Amino acid sequence: AQSVSQHNHHVILSEAASLELGCNYSYGGTVNLFWYVQYPGQHLQLLLKYFSGDPLVKGIKGFEAEFIKSKFSFNLRKPSVQWSDTAEYFCAVNAGAGNNRKLIWGLGTSLAVNP
Amino acid sequence: SQTIHQWPATLVQPVGSPLSLECTVEGTSNPNLYWYRQAAGRGLQLLFYSVGIGQISSEVPQNLSASRPQDRQFILSSKKLLLSDSGFYLCAWSDVDTQYFGPGTRLTVL
């Protein structure tokens, strides 16, 4: 079965530290890949997405993610985090074809940035 | 631009009572619509999705049902709530490939 694994469940960083959150998926075909973020008290919002083309994708707020097909990975990165990056981060994969557009979700990574 | 609304924002209901959560989307036509439940540490669980009026697919057998009476309206219902129905319910819509989420409803069943 298709699955998405986020290896880091809880991450604590100091401001200005670099961030990398891991995401691996299991599916051998074409995938669309997403990172969503949920700030405290706010709704889920799209951070970035990859469909095709340049495997290095840039999103909002200085985030980027790299799709490495051979490793089935789509890790999220940010060179220097800020306190305002404290949030829950979810990786999701849309695998296969069809009109249902279902996403397979990781369990999320809780990031706390200390000022 | 597209917006998605959910109400109520919070709800406290007794066990055995009925439930109706509503979701509406503005600014788009014939969207795919989704109901999720989000539990701490467990990610997002897809409950129902709909590709058109009256077309509902259920992902997880449970005490809930969904309906889509209009193109941009999606309703989550239950005839009799259970304690285990407590959670955070999210509605989402999608265009071709990307899902966009509403603010959610926090449901507490006592």
In the protein assembly as shown, lysine pairs closer than 16 Å at Cα, eight or more apart or cross-chain | 7
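Total accessible area buried between chains A and B, 1.4 Å probe, in Å² to the nearest 100?
What A and B bury together is about 1700 Å².
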From the residues B:LEU83, B:ILE4, B:SER50, which one has its Cα farthest along the dipole of chain B in the positive direction, the dipole being from +1 and -1 charges on Cβ of Lys/Arg and Asp/Glu about the Cα centre?
-> B:LEU83
Protein chains only, probe 1.4 Å: how do B:ILE56, A:ILE12 rank by accessible area, largest first?
-> A:ILE12, B:ILE56
Selection of trypsin sites (Lys or Arg not before Pro), the stretch B:55-110, meeting DSSP coil and at most 14 other Cβ within 10 Å = B:LYS79, B:LYS80
Probe 1.4 Å - accessible area at B:SER17, Å² to nearest ten = 20 Å²
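Expressed as a whole percentage, what fraction of the accessible surface of chain B belongs to carbon and sulfur atoms when a 1.4 Å probe is rolled over the protein heavy atoms? Display every interim value, and only then the final one.
Working: 2700 of 5060 Å².
On chain B, the fraction of accessible area on carbon and sulfur atoms equals 53 percent.
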Mind giving me the nanometre distance, one decimal, between the label points for A:VAL11 and A:LYS71, set 7 Å out from Cα along Cα→Cβ?
-> 1.3 nm
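What translational D, rounded to a whole number of µm²/s, comes out for the protein assembly as shown from Stokes-Einstein when the hydrodynamic radius is the Kirkwood one over Cα pairs, at 10 °C and 1.306 mPa s? Please report the intermediate quantities before stating the final value.
On the way: Rh = 18.2 Å.
It comes out at roughly 87 µm²/s.
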Radius of gyration, Dmax [the stretch B:52-110; alpha carbons; angstrom] | 12.7, 39
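The values are calculated or read from the model by the stated rules, or taken from the named source; none is laboratory data. Keep in mind that this is a model prediction, so the values were computed, not measured. Counting neighbours? That spans all protein chains shown, and the Cβs are built from the backbone with ideal geometry, glycine included. Please note that ligands, DNA and RNA were not included when accessible areas were found on the heavy atoms of the full protein model with its side chains. Shrake-Rupley method; radii C 1.70, N 1.55, O 1.52, S 1.80 Å.
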